[in-house]
Each structure stands twice: as structure tokens, then as C-alpha cells.
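To keep things clear, I will list the structure first and then write my remarks on it.
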Amino acid sequence: MPIDFVRAHTTLAPVPFVPEILLSQAEEPIALWEATEALGVPGFGKTQPPPFWAFAWAGGQALARHLLDDPDLVSGRSVLDLATGSGLVAIAAAKAGAAPVIANDIDPYSLAAAQANAKANRVRVDALEADLLESDDKYGVVLAGDVFYSREMAARVLPFLRRAAGRGSLVLVGDPGRAYAPEGLIERAVYEVPVNEELEGVPVRRTTVWQVTAGR
């Protein structure tokens, strides 16, 4: 089962930039990547998506920090955490008083990790396994951490985020200067975020929380 795999390859530990939150994190990234590639889960063809759920990525850390430092952004509002990964941002939103909080991903291993992490942090997060990028459901707040890591992902995510903003949602993204981050966003905050050097090539990434608005 996904949760057994998650527990076998991670250790529960505080998030470097958001120590109020505990996450199941991998200590050996390359070994986990190789183990994940060997899974072969039905519905994904021959390969399983990379284990994004096992790491506290810079964009998610910055966004989580921003929500905990300014809980009025989400308190009492419905929240969608798009491409949730570990569930870090969803957990921060729940801690800041958001309800309901939906953690969305297409990877069942991600959602298993997110729900286990939510339980460890004693908050309620509802998992939703689906590709929502063509959907138009309305949420009070839409959050996305580190989603501009590839041209294809950025091209699909940005229209969804802009449509959400056009429907009146507050849309916030955390991005550490990825190559495919769009222009024209509103800067909300900038942080120096500690990251996994084995994955990122540097110990710290300057990371921005942006607000997405409707339009081009």
C-alpha cells in the first residue's frame, strides 16, 4: 500500500523553514527516487511519478511560512492546495484556521503522505486524487507550491490559477525562481529558504510568494 511505502522510506522530522510542522521526509533522495521508479503503479503506465511528496521543497516552505505568519489570509476560508506533494502547504493552511482544506494530487503516494502528515500535525486535511486543471470549482483560496518546474506543468497550471483568480479566489504560489515561472505576478513576500542540497545543488534558495491575478 502507498502508506507502507511512504513510512518505509521517510522519517518524521520538522520542516527546516517551518519547524512548527512535522513531515515524513526522505534522508536519501537518490535511493528513494530509484525505489519509486521501480514501483510501476497501474494508471501511470510503466513508471510512478517522482516522489515529490518526500521533500520539503522551497516553494512549499515559503508558502507555508507565509500562511502561518499571516493566518488571516486563509482563516475561515475554503482552501485548495494544488499538487500538494507532502501536504505541507495544506497542513499550514489548516493550522492557520482554514476549513475545509483540500489536498489535491494525481499521485496516490502523495495523498497517502499528505494524510499521514496531517494526522501527525493533528489537523484535518481532505485528500482529492484528480487532475483538476480543466475544472472550475470555486475555493476561497487556491495555493500552489513549486509548480513551475517544467514547461509542460507551467503551461497547464497557470491558466487554471488565472481562472481561479477570475472567480474571486485568492491565489498564492511559492516559487524559488524556477525556469518556467511566469511574469506579471504580484510579489507578496521573499524568503531565504533552506533546501536539500543534494536535490537543489545549493543549501538555500531565495523564494518568493506571488499572488496570481486574472487575465494574461
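Only Cα pairs under 8 Å and 6+ residues apart enter the sum, and on that basis the relative contact order of segment 2-212 stands at 19 percent. Top mean-square fluctuation among ASP72, ASP137, ASP105, Gaussian network model of the chain, C-alpha springs under 10 Å? Looking only at ASP72, ASP137, ASP105, the biggest GNM fluctuation is shown by ASP137. Between helix 151-166 and the chain there is an angle of about 40 degrees, using the helix long axis and the longest principal axis of the Cα atoms.
Which residue fluctuates most in the GNM of the chain (Cα springs below 10 Å): VAL101, VAL125, VAL190? Between VAL101, VAL125, VAL190, it is VAL190 that shows the largest mean-square fluctuation. Shown is the FRET efficiency for ASP126 and LEU12, computed with R0 = 35 Å from the Cβ-Cβ distance and rounded to the nearest 0.05: 0.95. Ordering TRP210, TRP53 by the number of other Cβ atoms within 10 Å of each residue's own Cβ, fewest first, gives TRP210, TRP53. Given a Förster radius of 25 Å and the C-beta distance between VAL204 and ILE30 as r, what FRET efficiency does 1/(1 + (r/R0)^6) yield to the nearest 0.05? Efficiency at R0 = 25 Å is approximately 0.75. Along segment 174-180 the Karplus relation, 6.51 cos²θ - 1.76 cosθ + 1.60 evaluated at θ = phi - 60°, assigns HN-Hα couplings of x, 9, x, x, 5, 4, 10 Hz to successive residues, with x for each Gly and Pro.
3J(HN,Hα) along segment 51-66: x, 4, 6, 9, 9, 8, 6, 4, x, x, 4, 5, 5, 4, 4, 4 Hz, from the Karplus curve 6.51 cos²θ - 1.76 cosθ + 1.60 with θ = phi - 60°, whole Hz, x for Gly and Pro. Residues considered: TYR109, TYR149, TYR139. Largest GNM mean-square fluctuation over the chain, using C-alpha springs under 10 Å, is found at TYR149. Applying both filters, DSSP loop and at most 16 other Cβ atoms within 10 Å, to the GluC sites (Glu not before Pro) of segment 103-201 gives GLU134, GLU183.
Applying 1/(1 + (r/R0)^6) with R0 = 22 Å to the Cβ-Cβ distance of ALA155 and SER135, what FRET efficiency is obtained, to the nearest 0.05? My answer for the efficiency is 0.85.
No lab work stands behind these numbers, since they all come straight from the coordinates. Model, not experiment: these values are computed from the prediction. With ideal geometry, Cβ positions are generated from the backbone for all residues, glycine too; neighbour counts draw on all protein chains shown.
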